[in-house]
1. Applying a 10 Å radius around every beta-carbon, put 95-103, 76-84 in order of their mean neighbour count, most first.
2. For region 52-150, what is the relative contact order in percent, using Cα pairs closer than 8 Å and at least 6 residues apart in sequence?
3. Going by C-beta contacts inside 10 Å, put 150, 126 in order with the fewest on the left.
4. Given a Förster distance of 22 angstrom, what is the FRET efficiency for residue 56 paired with residue 111, based on the Cβ-Cβ distance and rounded to 0.05?
5. How many nm is it between the label spots at residue 92 and residue 78, if each spot is 7 Å from the Cα in line with the beta carbon?
Amino acid sequence: MKRSIGFLTVLIFACSARSLYSQEPSPKPAADIGGQSGQTQSSKTTILPIEHRFWDKENDLLFAGVAAARTLDYFSTLNMRRRGRQEIFLTNEAVDNHAGFAFIEAGATGVSIGASYLFHRYGHHKLERWTSIVHIGLATGGAVRNYSLKTAHLSAPGAQR
């Protein structure tokens, strides 16, 4: 049930992000055939797309946000496991191995930065930013969910209620 809700959420975002599919600049208007504008071709200014460096200030902040969200997810998942709850995306053994789980979280941050770089490299600058924004939202949402779960009260066999 929870996985289908997550799938539907991703599907809704994918369908509503229609403007992100095409990163090509809009076509230029047709040249003035009659020459009535009075301007020559040399006096027209052309607007070039703004190119930015990959490690600019905005990406630095977004990547720090991804790292902070993954750190929050790390601690919220450990808190959830201490309260007797089960992890749903990874095995409990992976989460209970703290060093291994920290490596998984750091790896997820690295994959997010790598995906952003690939979008940057191929000119999809909106997707480059949105990769980090969506990652921050999903990781923070997962951490909030982990903290909002009630503690699992396990009863001992033969105990009376």
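1. 76-84, 95-103
2. 43
3. 150, 126
4. The calculated FRET efficiency here is 0.60.
5. Output for this residue pair reads 1.9 nm.
Read-outs throughout are calculated quantities, based only on the coordinates presented, and are distinct from any laboratory measurement. Small disclaimer: the values here were computed from a predicted structure and weren't measured. Reconstructed Cβ throughout: ideal geometry from the backbone, glycine too, with neighbour counts over all protein chains shown.
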